[in-house]
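Chemist: Sharing a structure with you now.
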Amino acid sequence: MNVLLINPSLIEADIKHYSKSIEKNRGVYPPLGLSYVASSLINAGHFVKIIDCDLEENPTERILREVRDIDYDLVGFYVMTWTFNEASDILKIIKKIRPNIKAVFGGPNASSLPQVSLEISDFDYVVVGEGEDAIIELIKAIENKIPFELIDGILYRDKDNKIIQNPSRQFKDNIDKISFPAWELLKVGRYHDVFTRYNKFATMIASRGCPFNCTFCDRKNRM
């Protein structure tokens, strides 16, 4: 299956916290979440590309060119709450060109507001929590190899357009089994941070979850 993964622009997100000039200068970080998902897809034999909108001069035109050139079967987004509207707008444009394409999103907004996000958008699926295994199973369901109801950690619409939320997916106990991010799909030399001496830098994730249980946090405590 051909899969396009998109990271909506944080710089363009209309959250009114900082001016765009400050956002641009403070840095652009690589989308490791999408890169982990991409690695899982590649290992399963799928064709994958990543578009990071913060690295594109004209991200909309870049996406349009991509979906015109390649017949993608699935488009996936990493969505934070303040990039949800942008992701929804991009999806509308994509579906005008590829009306049969399936769309899924994951990330913080998916885990925090999965039901309402699916209700008010054109997305077909939501992945809650870790996505490396869920995306592989979701593709199998789209290909009619397994039923959707057997996939933990997703929301989808049934034949009557009713939104179904499946049970939560168990977190991975051994993160050493997770493949390294697909760095080869990213424009590595263009990421930077305001605190680094040189422009080129990279980030890494050494663990998953959080050992704390802050009362103001919307995520359940997990070691």
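The values are calculated or read from the model by the stated rules, or taken from the named source; none is laboratory data. Keep in mind the model is a prediction, meaning the values are calculated, not measured. Every residue, glycine among them, receives a Cβ derived from its backbone with ideal geometry; neighbour counts consider all protein chains shown. For the accessible areas, the whole protein counts, side chains as well, though only heavy atoms, and no ligand, DNA or RNA atoms are used. Shrake-Rupley method; radii C 1.70, N 1.55, O 1.52, S 1.80 Å.
Chemist: Checking the table Lys140/Lys200; Lys49/Lys200; Lys92/Lys140; Lys159/Lys187; Lys162/Lys187 against a 32 Å threshold on Cα-Cα, which pairs fail?
Modeler: Lys140/Lys200; Lys159/Lys187; Lys162/Lys187
Chemist: By DSSP, what percent of the beta bridges with both residues in the chain are antiparallel, rounded to the nearest 5?
Modeler: Working: 9 of 26 bridges.
Here the share of antiparallel DSSP bridges comes out near 35 percent.
Chemist: Please check: in the Gaussian network model of the chain (C-alpha springs, under 10 Å), which one of Asp69, Asp160, Asp52 has the largest mean-square fluctuation.
Modeler: Largest GNM mean-square fluctuation: Asp160.
Chemist: Continuing with this model, one more query. Once you list every other residue whose beta carbon is under 10 Å from the beta carbon of Ile139, what net charge do they have if Lys and Arg are +1 and Asp and Glu are -1?
Modeler: Once positives and negatives cancel, what remains is 0.
Chemist: What aspartates and glutamates could a cross-link reach from Lys95, if we take a straight Cα to Cα line under 15 Å and drop same-chain neighbours fewer than 8 places away?
Modeler: Qualifying aspartates and glutamates at Cα under 15 Å: Glu61, Glu66, Asp69, Asp71, Asp73, Glu86, Asp122, Asp124.
Chemist: Where the accessible area of segment 38-99 is counted over protein heavy atoms with a 1.4 Å probe, how much of it, in %, is carbon and sulfur?
Modeler: 48
Chemist: Could you derive backbone 3J(HN,Hα) for segment 205-216 from the dihedral phi with the Karplus parameters 6.51, -1.76 and 1.60 (θ = phi - 60°), listing whole Hz in sequence and x where the residue is Gly or Pro?
Modeler: Per-residue couplings from phi come out as 10, 8, 7, 10, x, 9, x, 9, 9, 5, 5, 8 Hz.
Chemist: If amide H atoms are built 1.01 Å from N in the plane of the peptide, which residues on other chains or at least 5 residues away come under 5 Å of the amide H of Ile51?
Modeler: Long-range HN contacts for Ile51: Leu5, Ile6, Asn7.
Chemist: Counting only residues 5 or more places away or on other chains, whose amide H sits under 5 Å from the amide H of Ile154 once H atoms are built in the peptide plane?
Modeler: Val128, Asn166
Chemist: While we're here: What list of ³J(HN,Hα) values in whole Hz, one per residue of segment 116-121 in order, does the Karplus curve 6.51 cos²θ - 1.76 cosθ + 1.60 (θ = phi - 60°) give from phi, with Gly and Pro shown as x?
Modeler: With the stated coefficients, segment 116-121 comes to 5, 5, 6, 4, 9, 9 Hz.
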